[in-house]
Each structure stands twice: as structure tokens, then as C-alpha cells.
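These notes are about the structure you will find just below.
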Amino acid sequence: AFGVMFYEAVTTHLPFDGRNLGERLVATLQDEPPAISDYRGDLLPEIEEIITKSISKEPADRYQTLAPVIEILRTTKLEIEVETSISNARGPYAFLEKIRRNSGKVSVKATDSDRTSAEAINKITSNTDATTTKKISAQQEIKATSQTKIANPPLLRYFAIVLVILTFGLITIISYQYLRSESSSITSISNNYPTRMSLAVINFENISQDEELKWLERGMAEMLTTNLAQFENFDVISNQQLYELVRRVTSNETKHLSRDALLEVAQRAQVRAFVTGTILKVGNHIRLTITLQDSLSGKILFSDKIDGNTINDIFPIVDQITLKLANHLGAKIADAHDISISDVTSESIAAYKHYEQGVENTLKLFFSDAITEFEKAIEIDPNFAMAYLQLGIVKLRMGDEKGTQLAINKATQLIDRVALKEKLYIRGLEAMLEGQAEKRIDLFKEITERFINDKEAFRLLGTAYLSDEQLDKAVEAFGQTIRIDPDYLEGHNRLAYVYAAKGEFSLAISHALKYVQARPSEPNPHDTIGDIYLLSGQADKALVEYQKVLEIKPDFLNYYPYWKMAAAYRVVGKFNESEDNYRKQLSLRNENLIGADSIKSLAMVELLKGNREQTIKYLTQAIDEETDRGARGLAVITSTELGLFYLEIGELKKAEEAFVKAQKLLGEKNSQLDLFSRYSNRIVESNYIKLLVAKRELDKVEPEIKNFLKINKNSYTPFSQEMLKLYTSASLAQARGNYSEALATWQQSRKKSGALRAYSINIGTCLFMLQKYKEAEKEFTSLANTPIVMHQQSANSVGTEVVMDNMRAYYYLGKIAEFQG
């Protein structure tokens, strides 16, 4: 026991390890421990000899008494000048002073935590297999000399207490020596990085048998990351970024990371140093250890441990660990002692546990499960700003307009309870929801400038550009994520969709394949490559991938793969199979989430069958569904698209009624817009222009657009304003019958946007009117076979506008067939 504890104290690893107590006992009896020099190349030879001899397999090779151990330690030179940075280490002054005064006579008082640890050791020993214990005892009895026999129980208990006291005393000596010798290394690192030092908190291992503490393995890393990120000269890699790196170098079954795996993660993260730790619970007591290591060499730069009386002491323990690390690294903050993890997260351990589980589910794209956990966290702690932020992000990705608004608004109210980076995230999302496109982009740019290696920040910047339909800039931002980390899977995922939108399908497929190859057992990679195959005209391959998604997780994204399978069947002309899958998605979906896309898709199926009245009935039902579910923005789009459908079939009065309904849903005409209204109003405005054109009120078009842009100048970037002006010019030219001029302007708009199928319906219409039927057929066929797009915000919005464009494409294809017939 003495040797094992000494070994762990200086290396932070057990000499004989295993997944459970049984495996550790077998390793103790049969395996040789890793050489101490594998972990500590700087250890004094005398100390290494003590440890090696103490854990020898043969009892005869071990020390038979403590006398030689004490003598070696007494004669070993120990520096006792204590640097300020370790002045709060547990009792080194008094202990070392006693060694100096007593000249070899060791006298140490056991603390409460020492007794707790001794009791834990005795408890483990008492649970050891009886046969094994008997065998070991017999061997020791045969080898023991008469001088070392201890006959009476009181003397045995006294010897055990002395052994435990000496063990902890020796651990303190070595810890002190280690801290003293390493402080200069830490200083040199700080000097190499005078402005910012890159750090990663990679892993905390739960070495208890208590599965209730499992969540703390990620939770501790998340808390410490949040705290360290508050120091201005630390560049701390986010826990979300490390999630992918850790999974990349380990299997899903791996319960803890090896030393080599930790180094690989740190090196891939491109950080100068990394933090790991352990969590141990004995009775009600909790002990956390931390180790700071150099990422290139693996050399231990600093280690420490802090004890708590209960699990509820986790937050103050994290704060103490943070300050210890910060002091050793020379960190700067206005008032470091005011840093508190509970101030920027929650004061409740139970709430934080649900929050952490919600984050983990989000990373796995299990959004419904994540929402449940975040809501539980908020129920326990209504002031948990980070939980509101994450809840808002997930609801945004699920297309829950009302839920997104409520969560982000609450996060904004509680913005003083988050760290700097999260403040910027909240402000960026607030700008997005208010429809302030340029401000949103500027805020996410600021995050990337402050945190230059934050892949998540570049991903959000790319998403902001995508929302503004700036595909080339989106490619640049998403590309930066994989320049920082070539194996960043979410970067490859986003690039796959953007390249597909640009029509660069070879690049799109290559990025999607990297995602699938790295995560073949997860649903989202197969969903992504299925989408890319469908967009590139390979519906048969898409169907195979969507089926894999359903096999892995049937309820993935609210059963949305059924909708996509239906779209693929529709593309290949299998309308019955298509209708069956649309209906299946409707029957299985969560009633709290909208299913209007499937209803609109059924409308399209009816249109293909020639049932115009049933088509209109389904569209009306979809509007009601979206309105009832609080998805006002989607209801606006569907209403205006219904109006457009009426325009196409020549029913101007009904078209105008649909536009009026859309405007009522939207609110006051040309009022300042939020995110959903901004996108919806752009559709309303463009289709309203078409209504004016259809009614031949051409003199109203240009003033309408100018007024619209003036009122909503904050809602559009210069890029999107220019695109809208081009749209106006093309629409006016088309209305006046100048189809050649209109066609040229639409094509110019497509080129500027960078999207392969942008304005297909408009280009196809001009070609149709110019009687260029083959070219028009090509445009409309391409559009009809594009049932999905990379929408700027959420999966549930994918179908809304695209479904309507598909319907109009089918309508014109039917017209072409009539004329050609």
C-alpha cells in the first residue's frame, strides 16, 4: 500500500490498474508496473528506488522495516525555499521544519482527510478475495524474520496508523519537491507566451465506483474551462471542440484516456499545455486532483489536490483549482479572487448536472433529449443563463420559433451571469433574432478575432453568412474551421452543404464522406451524405443513407428522414411510396413540433396527380398548423406561396386574399423585422411585387422596394440590399415583357449569389416565355429534383419554400408538356 500510494503521488497514475477492483488485484499479483521514468524523468534516483522496491512482487525484495526508508529521505537533500505561488500547498512549512529539527525523526499529525483515506484503504483491503489474502499472508509469514513479527493487535493497529501517517508525510515531501522544481518550468512557459497561452481541459476520470459521478467527467472539464476562460491571457479551447478530438483518438467504449491519447488530443488541439484530473469519492467526501502537462513532451508542470466534505463542495473546489492554476501560470484578471463558477453558471449541482447532460445530447444531435435536460436545469435554477442560451440554440435548430425567442430573451436578461465569450454569443443571437444581419455578422467576427482558434465561432460566422446567402464567405468561414483542425467534422458537414448549394458536388461528397467515415455509427453523417446524394441527382443512394439513419435512431430530428425518403421517392417518380412516407412522418412526429412540411409535400403529391382542389386544401391546412404551433414566420411564407400558386393559375382575387393574410400574420407592413419575420417578409415582399405585376400596377413596384429597404435598413446587409435591388429590376423587366433583359438580370443574380439553382423558377419562366422550352425544361427539372436545401437556420424550415418552388416547377413542366404535345 505504501509503494502504491507513493507511486501514484509522484506520477498521478496507479502502478497496477484495471477497469474494476478485480482487475486491479490481478494486475497487482501478475503485472509489472510502467517505469516511473515514463511519467517523471526528473525524479531523484533515491526516490525512484524507494518506490520501485516498495512495490516489488517478491516480499523479500521489499523493505522489511521503515528504518532504511527514513534514512534515505533524511539524507536526501531537500530544498525548503518555498515560492509564493505554492504558499497555500497543504502544510509543507510545518512538516519540513519538523524534518529539519528532528534530523530524521518524523512526527506528523494525521488530518481528518488522512483518516478518511486510511479508512477507505482498510475498507478496500477487507473486501479483497479471502483466498488471495490468505495466500499473500502465508508467503509473507514464511519470508518474515523473527525481528519483524508483530504479535498483539494493539501494536498492529499502532503500526498501521504510523504507516498511514508516514505515507501522507512522504507524499507531502515529494509533492513539495515537485512543486518547487517545476515552478521555473511554468514561469518559462508563461514567458514564451507573454500575451495569451493556449490551454485545454481535456479529461477528468471518475476513479470511484459511483456511477452517479459519471457526469462529472465532462462536467468538471466544462466548469474548469468556463472559469479559466475568464482570464485575459488564456486562450482556452472549448469543451465542445475537445469532444470531437477526444472521440477521434479513442473508441466509444474507452472509459479513460491513456497518456499517449491525452498527448495526441492536446497536440491536435494545438495548445501549449493541458489539464487532466481525477474524481474520487470516499463515503461523503470528495477529492479532486489536477495535473498540468506540457503538450509537446508530456512533462508534468504542476499537480495538486483539493478535498471537499460533500459533492456540494464541487463549485468552491473548482474555484480553488482555477486560482491555483492561474497563479502558477501568471494569469491576469481584474480581481482573480472574485472568480466563481456558480456566478457564471448555476448555484445548483443538480441543475448543472442536467445542463451538462443537455450539452452532451446536443453534441450528439439528440435535440429532443437535450431540450428535456436544459428544461430540467432551468426548472431547478430559473436564473441559469447558460442553460437558456443552449436551449435557445437547440430550439433554433429544431425550427421552434417561439421557443427560440423566449429562451434567448431570457438569456439576454441574465447576460451578467455568463462569461465574456458567452456574452458575445448571446448578443450575436439577439441580433440574429432581431433581424440585424450586419450586426450579427460583426459580432461573430469579433468572437473569431478575440478567440482565433475557436472553431465554433467560425462555424457560427459561416452560418451568419449563409443566412445572408453569401455562399463564398460562408465557404471561407467554414473552411477556416478545418484549417484550424483538419479533422473537425462539423466543419466538413457544413462545407458539404455549401458546396452542394454551389453545385460543386465532388467537393460536397468528399467532405460528407469524411464525416461518415469518422462516425459510421451515428445518424447525422448518413443524413448529410443522403442529402448530398439527393441534391446531386443520386436519389437511389440517398434512400440507402436515409434508411441507415432510421436504423440507427428512428426518431432522429423528429422523424424527418421519412420526409426526406418521401422526397427521394417523389424525385424518382414513385408517388405512392412518397405519399406513404410523408404520412408516416406526420403520424410519428412529436405533437409539440410542427409537421407542416409533410402536409405541404402531400399538397405537391396531389398536384402531381392533377388534384388541384386537394392541393389547395393541404396548403391551407399547413398554414393553420404553422399558425397554431406558433411558427408565424413559416405560416407567412406558406400563405404568400399559396398566393403565388393562385397567381400561377390565374386567380388574382384569391391570390390577393392570401397575400393579405400573410401580411396580417407578419404584422404591420414594413415594420422593423426580427429573424423569422425578416426572412418571411423578404418572401412576402418579393411575391407582393409579383402581385403588383400581375395586377399591372407597375408604377407601385419601385417605390415599394425603396420604402421597404429604407424602413428595414438594419435588417439587410449591403450584399442582401443589392440582391433585392437586382430582384426588383428583373421583376420589373419581366412584368414589362422584356424577357431577355429579365433573363440576363436573373442570371446575374444567380452568379452573384453563387448558388447553382438560385432563381431557377424565374430563369425558367423567362425561358418559357421566350419559347426556349428545352432550356426551360432543364431549369424546371433541376428545380423539381431539388427537394431540399441547406437552409440557414433549421431542419424544419428546409421544406417550406422549396416545396412551393418544386410545385411551381411541376406546374410549368406540365405546361411545357402541353405545348410540346
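The values are calculated or read from the model by the stated rules, or taken from the named source; none is laboratory data. Since the model is a prediction, treat every value here as computed from it, not as a measurement. Don't worry about glycine lacking a Cβ; one is built from the backbone with ideal geometry, like all the others, and counts go over all protein chains shown.
Go through the residues of segment 564-578 one by one and say whether even a single one is within 24 Å of residue 242 (Cα to Cα) and of a type outside the set (Gly, Ala, Ser).
Within segment 564-578, the subset within 24 Å of residue 242 (Cα to Cα) is none.
No: segment 564-578 contains no residue that is within 24 Å of residue 242 (Cα to Cα) and of a type outside the set (Gly, Ala, Ser).
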Review point. Can you tell me which residues in segment 646-664 are exposed (fewer than 15 other Cβ atoms within 10 Å of the Cβ) and not in a helix (DSSP H, G or I)?
Key: 649, 650
Review point. Here are 527, 487: which of them is of a type in the set (Asp, Glu), over 22 Å from residue 723 (Cα atoms) and surrounded by 24 or more Cβ atoms within 10 Å (Cβ to Cβ)?
Key: 527
Revision key, fill the gap. All-but-one check, residue 269 against (1) buried (at least 20 other Cβ atoms within 10 Å of the Cβ); (2) modelled with pLDDT of 85 or more, failing number (2)
**Study point:** Residue satisfying condition, being within 27 Å of residue 198 (Cβ to Cβ), of a type in the set (A, V, I, L, M) and outside the structural domain of residue 198 (by TED's automatic domain parsing), within set 420, 414, 433
**Key:** 420
**Study point:** Checklist (1) buried (at least 17 other Cβ atoms within 10 Å of the Cβ); (2) without any contact (Cβ under 8 Å) to a residue 24 or more places away in the chain applied to residue 302, failing item
**Key:** (2)
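Regarding residue 400, is this residue modelled with pLDDT under 85, out of contact with any Asp or Glu (no Cβ under 6 Å at 6 or more places or on another chain) and over 18 Å from residue 719 (Cβ atoms)? Quick ask: steps written out before the conclusion?
Working: modelled with pLDDT under 85: yes; out of contact with any Asp or Glu (no Cβ under 6 Å at 6 or more places or on another chain): yes; over 18 Å from residue 719 (Cβ atoms): yes.
For residue 400, the condition - modelled with pLDDT under 85, out of contact with any Asp or Glu (no Cβ under 6 Å at 6 or more places or on another chain) and over 18 Å from residue 719 (Cβ atoms) - is met.
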Study note, to complete from the structure: How many residues of segment 403-428 are closer than 9 Å to residue 389 by Cα and within 17 Å of the chain's Cα centre (by Cα)? The answer is 3
Exercise for review: Scan segment 318-328 for residues that are buried (at least 20 other Cβ atoms within 10 Å of the Cβ) and either under 21 Å from residue 352 (Cα atoms) or among the small types (Gly, Ala, Ser) (or both) and report the count.
Suggested key: 5
Review point. Restricting attention to segment 393-421, which residues are in contact with a Phe, Trp or Tyr (Cβ under 6 Å, 6 or more places away or on another chain) and not in a helix (DSSP H, G or I)?
Key: 398
Review point. Within the bounds of segment 560-572, is there any residue that is surrounded by 17 or more Cβ atoms within 10 Å (Cβ to Cβ) and of a type in the set (D, E, K, R)?
Key: yes
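Quick one: which helices (runs of 4 or more DSSP H) lie wholly within segment 295-392 and hold at least 1 residues that are at pLDDT 85 or above and closer than 15 Å to residue 216 by Cα? Before you say what the answer is, go through the steps one by one.
Numbers: elements: 314-328, 341-344, 349-363, 367-380.
The helices (runs of 4 or more DSSP H) meeting that bar are 314-328, 349-363.
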Review point. Looking at segment 729-778, which of its residues are farther than 21 Å from residue 471 by Cα and touching an Asp or Glu at 6+ places or on another chain (Cβ under 6 Å)?
Key: 733, 764, 767
Check your understanding: From the residues in segment 574-600 that are part of a helix (DSSP H, G or I), under 32 Å from the mean Cα position of the chain (by Cα) and among the small types (Gly, Ala, Ser), which one is modelled with the highest pLDDT?
Key -> 587
Check your understanding: Could we say that residue 264 is at pLDDT 75 or above, assigned to a helix (DSSP H, G or I), out of contact with any Asp or Glu (no Cβ under 9 Å at 6 or more places or on another chain) and surrounded by fewer than 23 Cβ atoms within 10 Å (Cβ to Cβ) here?
Key -> yes
**Study point:** Number of the exception - residue 259 against (1) surrounded by 17 or more Cβ atoms within 10 Å (Cβ to Cβ); (2) more than 27 Å from residue 345 (Cβ to Cβ)
**Key:** (1)
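In segment 374-405, which residues are of a type in the set (Asp, Glu) and within 21 Å of residue 589 (Cβ to Cβ)?
Looking only at segment 374-405, we keep the residues that are of a type in the set (Asp, Glu), and these are 375, 379, 381, 400-401.
The answer is 375, 400, 401.
Please determine, by comparing only the residues of segment 779-821 that are of a type in the set (Asp, Glu) and within 22 Å of residue 471 (Cα to Cα), which one is modelled with the highest pLDDT. Explain how you work it out, then say what you get.
Filtering segment 779-821 down to residues of a type in the set (Asp, Glu) leaves 779, 801, 805, 818.
Remaining after also requiring within 22 Å of residue 471 (Cα to Cα): 779, 801, 805.
On the way: 779: 89, 801: 54, 805: 74.
Taking the candidates together, the pick is 779.
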